[in-house]
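Just so you know, all these numbers are worked out from the coordinates, no wet-lab data involved. What you are looking at is a predicted structure, and each value in this text was computed from that prediction instead of being measured. Cβ placement follows ideal geometry from the backbone for every residue including glycine, while neighbour counts extend to all protein chains displayed.
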Amino acid sequence: MGCHIAHDRSNHVAVLYCSTADWAFGPVFTDSDDYDADERAEAFLRWLRETDAWHTFEREPIRTGRRDPRELTERGLETAYAAWRAQETDQWAREERALFTEGD
């Protein structure tokens with residue numbers, strides 16, 4: 001149970017969904033020139049777990065103690081998605097550099 005990604009390969013989109021409530025929510029991720037929609041959705045979830053901005057996003061009153069996108073209000077998720085998009089290219093570059101330096 002939790003937040004998962006549903007990927008429609010024929011339409012090249014992915015969405016987040018709650019397996020507890022069977023409910024899709026949030027932005028629609030699309031394929032880019034370099035990454036599939038589900039890869040981009042996964043990157044967004046990774047970024048949410050790490051960003052210092054988490055506490056600035058509007059959340060529902062119920063808190064799980066984790067950085068769970070289901071806690072964000074619609075406005076909070078929109079704000080988070082916009083912030084993620086603004087830094088997406090940098091995130092991919094950081095993660096790629098980290099892969100190449102792990103063995104050093």
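Mind checking the dipole of the range 3-101: about its Cα centre, +1 per Lys or Arg Cβ, -1 per Asp or Glu Cβ, Debye to the nearest 20?
Numbers: 13 positive and 21 negative charges, 86 e Å.
Charge dipole of the range 3-101: 420 debye, to the nearest 20.
Taking the dipole about the Cα centre of the chain, with the C-beta of Lys and Arg at +1 and of Asp and Glu at -1, give me whichever of A37, F100, A53 is farthest to the positive side.
Highest projection toward the positive end goes to A53.
Go ahead and estimate [θ] at 222 nm for the chain from helices alone: -39,500 (n - 2.57) per DSSP H run with n ≥ 4, summed, over the residue count, rounded to 500. Write out the running numbers ahead of the final one.
On the way: 2 runs with 42 residues, N = 104.
Dividing the helical sum by the residues of the chain leaves -14000 deg cm²/dmol.
According to the Cα gyration tensor, what semi-axes, each the square root of 5 times an eigenvalue, does the equivalent ellipsoid of the range 3-101 have, listed from largest to smallest in whole Å? Could you put the intermediate results ahead of the total?
Details: eigenvalues 94, 65, 27 Å².
They are 22, 18, 12 Å, listed largest first.
Going by average Cβ density within 10 Å per residue, which order do the peptides 61-74, 3-16, 89-102 take, highest to lowest? Walk me through the intermediate numbers first.
On the way: 61-74: 13.3, 3-16: 15.2, 89-102: 10.4.
Top to bottom by mean Cβ count within 10 Å: 3-16, 61-74, 89-102.
Using alpha-carbon positions, what is the distance between the centroids of the range 70-104 and the range 14-52, in Å?
What the calculation gives is 11 Å, centre to centre.
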